[in-house]
Amino acid sequence: MKLKKIIWVTAVAATVVATVGSCGVKREPGTIYMPDMAYSRAYETNALLDSSMFTSSEPAAGHKIFYNRRPVPGTMERGEIAAYTLPNDSVGYRMSAGVVNPLGPLSKQDSAEAARLFNINCAICHGAKGAANGPLATSGKIGGVANLTLDMYVKMADGTMYHSIHYGKNNMGSYASQLSRKQRWQLVQYIRALQPKPAAATPVMASAKTDTAATAAKK
Ligand code: HEC
C-alpha cells in the first residue's frame, strides 16, 4: 500500500514538473537540456546577428567575425556555366575560337526557348531566319548587320559567336546583362539551326554522325 502511494505521488510530481517546465514562450525555452538543439550553431541567414560577436563591416573584420551574408567572391551557383574570362580585345577575339560550347544538343523545349529569345533580342536586326533582314537592318538604321546564314558565319567557331554576343561588336551591343550565359550559348546553337548545314545533303546516313563529330572537333 505504501509503495503504491509513493509511485502515485512520484507520478503526479513528475507530471506537474513536466507541465510547468514546458510552459511559456516557445522561443525562450525554460531549462535547456541540450543547448545545441535549442540554438543552432549554423549561421541562420535571416537571424539577427549578435553584434558583439559579428560584424558586416570589413574594417572591423579583425576584431569580430566578419559575415556579410553575401557569397564569397568567385563562388558560383551549382550547375552554373563558368564565367567568360577572355578579354574584350583582338587577342581575346582570336582566342575565343577555342572556347567550346558547354551545352549539349538542345532539347525540344530549350530550342523553343532559344527561338523565343532570338526573336525578342536578335531578330530586330538579324531577322527571324538570321539573314540580316530584320526591321532595323532593312530600314538602314543599323548598318553592317551580319547575315548569319553566310558561309563565313557557318564556319565561325561557337566560341567566337559567344564572344561577340558577350561583348558586342561594332553596331551590335553586348548581351551579357540581358541574357544569362546559358541563354547566350543556347542562342549560338539556335543560330546553328538557322544556318545551312555544311554537308547536309550527304545521303549516306551512317557517316552523318562521324561528320558532325569531326566538324565539332575542328571548331
Ligand atoms: C542592333 C542590331 C543587332 C542586334 C539586336 C543583334 N545584332 Fe548581332 N550583329 C549586328 C551587327 C551590326 C553585326 C556585325 C558586327 C560586325 O562584324 O561589324 C552583328 C554580328 C553578329 C554575329 C557575328 C559576330 C562576329 O564575331 O562577327 C553574331 C554571332 C551575332 N551578331 C549574334 C547576335 C545575337 C545572338 C543577337 C541577339 C542576342 C544579336 N546578334 C543581336 C547587329 C545586331
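General observations
- Among the criteria (1) at pLDDT 80 or above; (2) of a type in the set (A, V, I, L, M, F, W, C); (3) over 30 Å from residue 181 (Cβ atoms), the one residue 32 does not fulfil is (1).
- Any pair with Cβ under 7 angstrom, 6 or more apart, that starts in segment 111-131 at a residue that is under 21 Å from residue 176 (Cβ atoms) and ends at one that is β-branched (Val, Ile, Thr) and more than 8 Å from the ligand (Cβ to nearest atom): 130/149
- Condition met for residue 104 (under 30 Å from residue 160 (Cβ atoms) and at pLDDT 75 or above): yes
- Restricting attention to segment 89-128, the residues that are assigned to a helix (DSSP H, G or I), among the hydrophobic types (A, V, I, L, M, F, W, C), within 22 Å of the chain's Cα centre (by Cα) and within 12 Å of the ligand (Cβ to nearest atom) total 5.
- Total residues in segment 42-81, condition closer than 30 Å to residue 101 by Cβ and exposed (fewer than 10 other Cβ atoms within 10 Å of the Cβ): 8
- Boolean, residue 180 is out of contact with any Cys (no Cβ under 6 Å at 6 or more places or on another chain) and either within 21 Å of residue 83 (Cβ to Cβ) or among the charged types (D, E, K, R) (or both): yes
- Leading residue by the ranking (farthest from residue 190 (Cα to Cα)) among those in segment 129-140 that are of a type in the set (Gly, Ala, Ser) and near the ligand (Cβ under 9 Å from one of its atoms): 137
- Looking across segment 129-140, the residues that are surrounded by 14 or more Cβ atoms within 10 Å (Cβ to Cβ) and part of a loop (DSSP other than H, G, I, E, B) come down to 129, 130, 131, 132, 133, 134.
- Here segment 141-199 is the region considered, the condition is being in a loop (DSSP other than H, G, I, E, B) and basic (Lys, Arg), and the residue that is nearest to the ligand (Cβ to nearest atom) is 141.
- Which listed residue is polar (S, T, N, Q) and either crowded, with 19+ Cβ neighbours inside 10 Å or over 19 Å from residue 119 (Cα atoms) (or both), from 178, 186: 186
The values are calculated or read from the model by the stated rules, or taken from the named source; none is laboratory data. Everything numeric in this text was worked out from a predicted model, so none of it was measured. Neighbour counts run over all protein chains shown; Cβ positions are idealised from the backbone, glycine included.
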